[in-house]
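Asker: Got a structure for you, written out below as structure tokens; questions coming shortly.
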């Protein structure tokens, strides 16, 4: 009999966190189940810092459907299986997951909902091997969680990027410039590709297709020769040239088992090279955290609500250790073992490994075909 459940939000902020929390909570309340939230994700679980959630009266979860962010916060780079601690003045990494397990048991939590991306769900799977009932909900604006067709937060990010492209169009046309927009997308180019189509871009460079800058330049020059003296280019932050590397801002010590690379500079590099090759002035705009914040789109509100209610339905049915997903346009679920794929090593959560099972753009995807049909240059 399900009595008490808890939610944690993990990883980077996305619009839709609160809508998922609300859907889980309302479904729980409608079935007589108490619902709690761990503050600041896995860190809150480790510290056993949680609050009771409520949609009644002046409860802390009233009116949160259109609200951006997460009312229970979120943690980044918090791998409880390899957590940084200080010993003798030195930073070392220890497996503190047993503390999390004991906290869940002590709190009498019957199921833990994990809202996050591939790293979050990898830790969820690892906790499930220690006897914890877990249900995951796929979150990332990069849209790269395995086994589902779309993650919550992604649609809002694409909408923000498309709006930015609309605005850059007018400035590019006015000043006869190449306008480059750098968007998020470390290892998957979904945002860049879909926003390029929605925003009428001429070039889209994504991580899955190492680009030839000369190919992109030819596209710009051909437009110039046809009397179109401006172009709009979308660059995913993880895009890289043929034979080259991704653009790195710095490498941070975020802890073992996480990706310590902070990307940055892909758009600026493309802008400089295109300016040199085409003779047109080029300007780069880095959209950055604008993609993460603010009110979720109606699509993301509905998607998040569907995911949250499905997750709670799974818990009520005793279908634990699964990820709520969208398959063929319909709600479903898959085992967390399937989500992590070959990334089986306990504590290894980084998405940047050959074993990781993140969802990347494939060359036979409809978005790629559509982009090519309408003349968007993909840098190849």
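Asker: If you take just the strands (runs of 3 or more DSSP E) that sit entirely in segment 1-116, which of them hold at least 1 residues that are at pLDDT below 95 and surrounded by fewer than 17 Cβ atoms within 10 Å (Cβ to Cβ)?
Answerer: Of the strands (runs of 3 or more DSSP E) lying wholly inside segment 1-116, those with at least 1 residues that are at pLDDT below 95 and surrounded by fewer than 17 Cβ atoms within 10 Å (Cβ to Cβ) span 83-87, 90-94.
Asker: Residue under question is residue 349, and the condition is that it be part of a loop (DSSP other than H, G, I, E, B), outside the structural domain of residue 19 (by TED's automatic domain parsing), free of Cβ contacts under 8 Å to residues at least 40 places away in the same chain and over 22 Å from residue 19 (Cα atoms); does it hold?
Answerer: Spelling it out, it is not the case that residue 349 is part of a loop (DSSP other than H, G, I, E, B), outside the structural domain of residue 19 (by TED's automatic domain parsing), free of Cβ contacts under 8 Å to residues at least 40 places away in the same chain and over 22 Å from residue 19 (Cα atoms).
Asker: Which residue is nearest to residue 359 (Cα to Cα), if the candidates are limited to segment 314-328 and must be part of a loop (DSSP other than H, G, I, E, B) and touching a helix residue (DSSP H, G or I) at 6+ places or on another chain (Cβ under 8 Å)?
Answerer: If we take residues in segment 314-328 being part of a loop (DSSP other than H, G, I, E, B) and touching a helix residue (DSSP H, G or I) at 6+ places or on another chain (Cβ under 8 Å), then 321 is nearest to residue 359 (Cα to Cα).
Asker: Here are some conditions: (1) crowded, with 24+ Cβ neighbours inside 10 Å; (2) without any contact (Cβ under 8 Å) to a residue 40 or more places away in the chain. Residue 162 meets all but one. Which one does it not meet?
Answerer: Failed condition: (1).
Asker: Related question: For segment 198-207, does any single residue satisfy the condition of being part of a helix (DSSP H, G or I) and without any contact (Cβ under 8 Å) to a residue 60 or more places away in the chain?
Answerer: yes
Asker: Suppose the filter is touching a strand residue (DSSP E or B) at 6+ places or on another chain (Cβ under 8 Å), in a loop (DSSP other than H, G, I, E, B) and surrounded by 24 or more Cβ atoms within 10 Å (Cβ to Cβ); does residue 234 pass it?
Answerer: Against the criterion (touching a strand residue (DSSP E or B) at 6+ places or on another chain (Cβ under 8 Å), in a loop (DSSP other than H, G, I, E, B) and surrounded by 24 or more Cβ atoms within 10 Å (Cβ to Cβ)), residue 234 does not qualify.
Yes/no matrix, rows are residues, columns are (1) under 22 Å from residue 29 (Cα atoms); (2) touching a helix residue (DSSP H, G or I) at 6+ places or on another chain (Cβ under 9 Å); (3) in the same structural domain as residue 17 (by TED's automatic domain parsing):
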{"position": "46", "(1), (2), (3)": "no, yes, yes"}
{"position": "54", "(1), (2), (3)": "yes, yes, yes"}
{"position": "60", "(1), (2), (3)": "yes, no, yes"}
{"position": "66", "(1), (2), (3)": "yes, yes, yes"}
{"position": "70", "(1), (2), (3)": "yes, yes, yes"}
{"position": "73", "(1), (2), (3)": "yes, yes, yes"}
{"position": "77", "(1), (2), (3)": "no, yes, yes"}
{"position": "83", "(1), (2), (3)": "no, yes, yes"}
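The values are calculated or read from the model by the stated rules, or taken from the named source; none is laboratory data. Not measured: the values here are computed from a predicted model. Cβ atoms come from the backbone with ideal geometry, glycine included; neighbour counts cover every protein chain shown.
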